[in-house]
1. When only residues in segment A:8-19 that are surrounded by fewer than 15 Cβ atoms within 10 Å (Cβ to Cβ) and part of a strand (DSSP E or B) count, which is farthest from the chain's Cα centre (by Cα)?
2. Find the residue count for segment A:20-31, including only residues that are surrounded by fewer than 20 Cβ atoms within 10 Å (Cβ to Cβ) and not in a loop (DSSP other than H, G, I, E, B).
3. Please pick out the residue among A:ASP56, A:ASP82, A:ASP28 that is among the acidic types (Asp, Glu) and within 14 Å of chain B (Cβ to nearest Cβ).
4. Wholly within segment A:53-107, which strands (runs of 3 or more DSSP E) include no fewer than the required count, namely at least 1 residues that are out of contact with any strand residue (DSSP E or B) (no Cβ under 6 Å at 6 or more places or on another chain)?
5. Is segment A:90-100 home to any residue that is in contact (Cβ under 8 Å) with a residue 60 or more places away in the chain, more than 13 Å from chain B (Cβ to nearest Cβ) and under 21 Å from B:LYS42 (Cα atoms)?
6. Limited to segment A:32-88, what total is found for residues that are among the hydroxyl-bearing types (Ser, Thr, Tyr), without any contact (Cβ under 8 Å) to a residue 60 or more places away in the chain and loosely packed, with under 15 Cβ neighbours inside 10 Å?
7. Mind telling me which of the residues B:MET34, B:MET113 ends up being more than 14 Å from chain A (Cβ to nearest Cβ), among the hydrophobic types (A, V, I, L, M, F, W, C) and in contact (Cβ under 8 Å) with a residue 24 or more places away in the chain?
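The values are calculated or read from the model by the stated rules, or taken from the named source; none is laboratory data. Everything quoted here is computed from the prediction, not taken from an experiment. Cβ atoms come from the backbone with ideal geometry, glycine included; neighbour counts cover every protein chain shown.
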Amino acid sequence: DIQMTQSPASLSASLGETVTIECRASEDIYSNLAWYQQKPGNSPQLLIYDANSLADGVPSRFSGSGSGTQYSLKINSLQSEDVASYFCQQYNNYPNTFGAGTKLELK
Amino acid sequence: EVQLVESGGGLVQPGRSLKLSCAASGFTFSNYYMAWVRQAPKKGLEWVATISTSGSRTYYPDSVKGRFTISRDNAKSSLYLQMNSLKSEDTATYYCARDTYYWYFDFWGPGTMVTVSS
């Protein structure tokens with residue numbers, strides 16, 4: 001199975017700051033990567049698919065980039081409603097696998 | 001509006017069975033692959049099963065293969081997960097999710113909690 005390694009595991013940032021979360025795959029996943037946001041007590045919501053495509057209704061301050069084995073999620077101008085855990089998922093290989101998550105808190 | 005609502009979770013003893021259900025609305029259910037994804041307490045996400053639009057094809061990771069069975073009733077817009085020979089490590093919140101056919105998930109239900117304990 002492909003291993004997905006997210007960093008950092010937790011992150012504290014201030015309102016208005018730019019935040020970047022990294023995800024590294026154990027082998028090339030050819031941009032078949034999604035990012036999900038899970039707010040406390042809620043189910044995950046799709047943010048990004050195909051590494052850099054924004055899902056419907058997702059604010060433009062979220063963006064994804066990367067290729068090969070290295071991917072990142074960037075949040076510009078952090079808002080209070082962005083406090084959540086973020087997970088990456090590869091769907092290039094069977095079975096699809098998720099990263100362990102990054103917990104984002106406000107400083 | 002797409003809605004997915006799971007039910008059927010609860011406390012079950014190791015080795016016993018449990019069947020989860022998911023009621024879908026707000027989209028043409030029969031046009032979509034559907035999936036179950038679980039999350040152990042304070043842990044990450046794990047894909048559990050996927051089913052094709054007609055139900056003729058099903059997919060599982062090794063961790064549940066042979067114990068879990070995913071099924072669907074397109075006439076009722078419902079998805080199911082039959083879980084047999086349950087283990088303590090199956091304890092998790094189980095989410096019903098709409099699969100985009102490309103193996104990522106664009107809508108999720110609120111989840112139903114399954115606790116496997118004696």
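1. This residue is A:SER12.
2. 3
3. The unique qualifying residue is A:ASP56.
4. Answer list for segment A:53-107: A:62-67, A:102-106.
5. Checked against the condition, which is being in contact (Cβ under 8 Å) with a residue 60 or more places away in the chain, more than 13 Å from chain B (Cβ to nearest Cβ) and under 21 Å from B:LYS42 (Cα atoms), segment A:90-100 yields no hits at all.
6. The total comes to 4.
7. B:MET34
Let's see how each residue does on (1) at pLDDT 95 or above; (2) more than 25 Å from A:ASN92 (Cα to Cα):
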| position | (1), (2) |
| --- | --- |
| B:MET34 | yes, no |
| B:GLN39 | yes, no |
| B:LYS42 | no, yes |
| B:VAL48 | yes, no |
| B:ASP73 | yes, yes |
| B:ALA97 | yes, no |
| B:GLY109 | yes, no |
